[in-house]
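The values are calculated or read from the model by the stated rules, or taken from the named source; none is laboratory data. It should be emphasised that the depicted structure is a prediction, and the values quoted were computed from it without experimental measurement. FYI the Cβ positions are ideal-geometry reconstructions off the backbone, even for glycines, and counts take in every protein chain you see.
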Amino acid sequence: MSENRPLDSILEERISRRDILKLGSAASASVILGGALSAEASENQTQEKTAIEGKSLSFKEIDTEIDKTIHVPEGYKTQVFLRWGDPIHVGVPEFSPLAQTSVAQEGQFGFNNDYVGFFPLPYGSESSSRGLLCVNHEYTIHDMLLSKTQNNSKAGLSKDLVDIELSAHGHSVVEVRREGSQWHLVKESRYNRRISALSAQCLISGPAAGDDRLKTSADPSGRLVIGTLNNCAGGTTPWGTVLTAEENIHIYFGGRPQGTKEEQNHRRFGVGGANDDHKDWARHYDRFNIEKEPHEPNRFGWIVEIDPYNPNAKPVKRTAMGRVKHEGAVTTLNYDNRVVVYTGDDQIHEYIYKFVSQDKYNPDDRLANIGLLDHGTLYVARFDSVGGLQWRPLIYGEGPLTKKNGFSSQADVLIETRRAADLLGATPMDRPEDIEVSPLTGKVYSILTKNSSRKFIHPSNPRPNNRHGHVLEFTPPTKDGKPDHSATEFAWEIFLLAGNPYVPRHRAQYGEGVSEQGWLSCPDNGVFDNKGRLWLTTDGAPAAVGKADGLYACETDGPHRAVTKRFFAAPRGAEVCGPCFTPDGTTLFVAVQHPGSGSTFDRPSTRWPDFQEGMPPRPSIVAITREGGKAIGG
Ligand code: FEO
Ligand code: CA
Ligand code: CA
């Protein structure tokens with residue numbers, strides 16, 4: 001299915017096939033390719049363009065090198081208000097990095113914050129000054145979490161230290177309030193909770209719940225699992241829950257797959273042989289040893305739904321959305337009120353998925369929506385070379401998903417989602433990270449970080465040795481004038497090819513007029529603001545282009561389409577995650593993840609954000625506001 005053709009010939013084919021809105025730029029061979037538009041769509045676009053021209057992003061781009069701290073444009077303010085180790089309950093000890101315990105960490109903000117979601121309080125309001133912040137804690141890094149004085153045994157980490165790591169994983173729900181331009185955590189809030197990998201009881205629901213392949217010694221029901229792991233990006237639902245995506249869960253499991261009854265499955269997922277940061281987990285916990293508990297990894301790699309408004313509600317792993325290395329989970333309401341969730345499987349040559357619920361969202365009955373993500377159809381994306389995108393269903397008994405190929409039920413199809421998608425001829429992508437849906441147009445943006453192992457190119461992943469990543473735009477058909485996200489045929493376009501447009505060998509592609517600062521490399525997470533502008537974070541730019549990871553914004557339509565502008569830069573070692581706006585657009589939360597990575601707790605390359613001797617760098621949430629309280633971005 002992959003084609004090995006030069007980029008130029010692919011672009012030529014697509015340029016000649018499509019209307020070209022603009023060709024060339026001061027920078028390089030930047031092109032903007034327009035879709036084939038119907039007369040009605042063209043007229044709509046003209047109206048939309050007029051509307052959009054008036055709201056171009058007005059901030060002055062930052063111009064900074066990689067250094068020890070964060071940067072925003074003139075006229076903007078930053079406040080670091082939630083750091084790894086901050087107590088989230090009254091009575092929990094303050095962060096004391098050399099005396100850290102698992103018990104303390106269970107009541108403190110976790111490590112490596114990733115996704116951020118804001119849920120107004122009270123429920124149903126549009127409050128932008130009081131809400132629940134839901135934050136993922138993706139993974140831990142030994143050398144940044146622990147001092148050599150704590151982690152000094154040649155035999156590896158003690159159980160107490162492993163327990164700190166388990167407690168630092170998972171998710172936090174915290175109430176936050178804004179007074180003036182300052183945000184603060186409400187420690188007394190009844191909503192505050194940590195959902196850690198050590199202690200949180202999570203339910204398993206959907207078609208795979210209770211399946212034999214989800215049963216373990218500790219859980220003969222196959223429906224109850226301790227913890228959620230590697231919670232990367234996520235999303236919100238229209239009924240006020242957060243979806244958190246379990247991503248690189250293979251890094252926690254020791255032992256070898258050979259000879260286990262899940263050998264083929266574990267090999268396809270990369271399970272077996274934990275990474276250096278987690279290799280001690282299996283020594284202390286049998287469940288992290290696949291030779292002893294071969295089913296335990298099958299209980300991770302799901303989309304997990306958490307109700308932040310009900311602190312007693314257990315997180316629920318919704319198996320209907322498949323088991324892959326989910327980057328995120330972005331929900332949109334279809335024209336008919338069914339729910340559609342887009343998710344990427346973040347590994348080189350993996351796939352893009354969407355889930356379409358069977359039943360409809362009920363705006364008048366919140367609780368009736370809580371099980372919506374248990375029933376529906378999962379699809380995987382197959383791109384053709386001329387702008388067509390086909391969504392192929394993963395349904396047991398249909399096509400190749402039968403006993404002949406080792407599938408005995410829908411549970412099998414979901415547990416081995418990747419293998420099912422292989423058989424369906426899905427298109428291998430350049431690390432599908434976040435996916436976002438424009439609130440104005442309903443178009444879907446898939447953010448692909450990079451793939452330096454790509455040899456065989458396909459028009460949807462058009463650069464070999466793709467070191468800079470790209471963003472694709474999907475256009476669903478319309479029904480009754482609204483986007484039909486449930487359709488099985490979409491159109492696709494390249495939105496941008498990241499990299500430096502001033503360096504021809506990067507073969508970057510933006511809209512016309514990207515500045516020397518405005519281009520990006522390695523896009524990862526995204527979010528739309530309420531004016532329909534797309535904000536993109538990066539992860540990996542320092543290694544790829546020697547530029548700090550950061551946050552960029554652009555229009556998706558009109559004359560400034562795909563003209564990215566540089567808004568935020570992270571400290572040395574850090575990537576930027578979880579961009580999230582309050583409903584009124586006046587506060588932008590960003591998660592600065594793994595500051596100082598590549599150095600150590602004892603000799604860090606930055607001590608952001610505290611800058612105190614003895615205090616390690618701390619992954620933290622930053623609230624960005626604008627002087628005068630105006631909307632972010634202009
Ligand atoms: Fe957790 Fe794909 O970044
Ligand atoms: Ca990510
Ligand atoms: Ca990342």
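What the table shows:
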item: Enumeration of residues in the stretch 429-452 that are within 16 Å of ligand 1 (Cβ to nearest atom) and more than 18 Å from the chain's Cα centre (by Cα); result: Ser452
item: Residue that is surrounded by the most Cβ atoms within 10 Å (Cβ to Cβ) [pool: residues in the stretch 418-435 that are charged (D, E, K, R) and within 16 Å of ligand 2 (Cβ to nearest atom)]; result: Asp434
item: Residues of the stretch 611-620 satisfying the condition of being without any contact (Cβ under 8 Å) to a residue 40 or more places away in the chain and buried (at least 18 other Cβ atoms within 10 Å of the Cβ); result: none
item: Qualifying position, being within 16 Å of ligand 3 (Cβ to nearest atom) and closer than 26 Å to Ser129 by Cβ, among Gly532, Gly526; result: Gly526
item: Meets criteria (in contact (Cβ under 8 Å) with a residue 24 or more places away in the chain, assigned to a loop (DSSP other than H, G, I, E, B), in contact with a helix residue (DSSP H, G or I) (Cβ under 8 Å, 6 or more places away or on another chain) and of a type outside the set (A, V, I, L, M)) for His485; result: no
item: Test: residue in the stretch 199-206 that is among the β-branched types (Val, Ile, Thr), more than 30 Å from Arg626 (Cβ to Cβ) and not in a loop (DSSP other than H, G, I, E, B); result: yes
item: Tyr342 vs. criteria touching a Lys or Arg at 6+ places or on another chain (Cβ under 6 Å) and either of a type in the set (S, T, N, Q) or part of a strand (DSSP E or B) (or both); result: yes
item: Cβ pairs under 6 Å, 6+ apart, first in the stretch 102-121 and over 11 Å from Asp86 (Cβ atoms) and within 16 Å of ligand 3 (Cβ to nearest atom), second hydroxyl-bearing (Ser, Thr, Tyr) and not in a helix (DSSP H, G or I); result: Phe111/Thr140; Asn112/Tyr139
item: Cβ pairs under 9 Å, 6+ apart, first in the stretch 398-414 and of a type in the set (Val, Ile, Thr), second assigned to a helix (DSSP H, G or I); result: Val413/Arg419; Val413/Ala420
item: Test: residue in the stretch 141-155 that is within 16 Å of ligand 2 (Cβ to nearest atom) and either surrounded by fewer than 16 Cβ atoms within 10 Å (Cβ to Cβ) or touching a residue at least 24 places away in the same chain (Cβ under 8 Å) (or both); result: yes
item: Subset of the stretch 215-239 (residues that are in a loop (DSSP other than H, G, I, E, B) and either small (Gly, Ala, Ser) or in contact with a Gly (Cβ under 7 Å, 6 or more places away or on another chain) (or both)); result: Lys215, Ser217, Ala218, Ser221, Gly222, Arg223, Gly227, Thr228
item: Qualifying positions in the stretch 453-477 - among the polar types (S, T, N, Q) and either buried (at least 21 other Cβ atoms within 10 Å of the Cβ) or in contact (Cβ under 8 Å) with a residue 60 or more places away in the chain (or both); result: Ser453, Ser460, Asn461, Asn466, Thr475
item: Pairs where the first residue, in the stretch 212-237, is more than 18 Å from Val271 (Cα to Cα) and the second is modelled with pLDDT under 95 and within 16 Å of ligand 2 (Cβ to nearest atom), C-beta under 8 Å, 6+ apart; result: Ala233/Gly578
item: Count - residues of the stretch 551-610 that are without any contact (Cβ under 8 Å) to a residue 60 or more places away in the chain and crowded, with 23+ Cβ neighbours inside 10 Å; result: 9
item: Of residues in the stretch 122-168 being assigned to a strand (DSSP E or B) and more than 16 Å from ligand 3 (Cβ to nearest atom), the one nearest to Ser181 (Cα to Cα); result: Arg130
item: Residue within the stretch 396-405 that is within 21 Å of the chain's Cα centre (by Cα) and surrounded by 17 or more Cβ atoms within 10 Å (Cβ to Cβ) present; result: no
item: Filter result (under 20 Å from Asp280 (Cα atoms) and surrounded by fewer than 22 Cβ atoms within 10 Å (Cβ to Cβ)) within the stretch 100-140; result: Thr101, Ser102, Val103
item: Residue match in the stretch 384-402 (condition: within 16 Å of ligand 1 (Cβ to nearest atom) and in contact with a Lys or Arg (Cβ under 6 Å, 6 or more places away or on another chain)); result: no
item: Filter result (surrounded by 21 or more Cβ atoms within 10 Å (Cβ to Cβ) and without any contact (Cβ under 8 Å) to a residue 40 or more places away in the chain) within the stretch 327-361; result: Phe355, Ser357
item: Exclusive hit being within 16 Å of ligand 1 (Cβ to nearest atom), of a type in the set (Val, Ile, Thr) and not in a helix (DSSP H, G or I), set Val176, Val116; result: Val116
item: Selection status of Ser438, surrounded by fewer than 22 Cβ atoms within 10 Å (Cβ to Cβ) and within 16 Å of ligand 3 (Cβ to nearest atom); result: no
item: Hits in the stretch 551-603 (condition: on the phi > 0 side of the Ramachandran plot and at pLDDT 95 or above); result: Ala562, Gly573, Gly585, His594, Gly596, Gly598
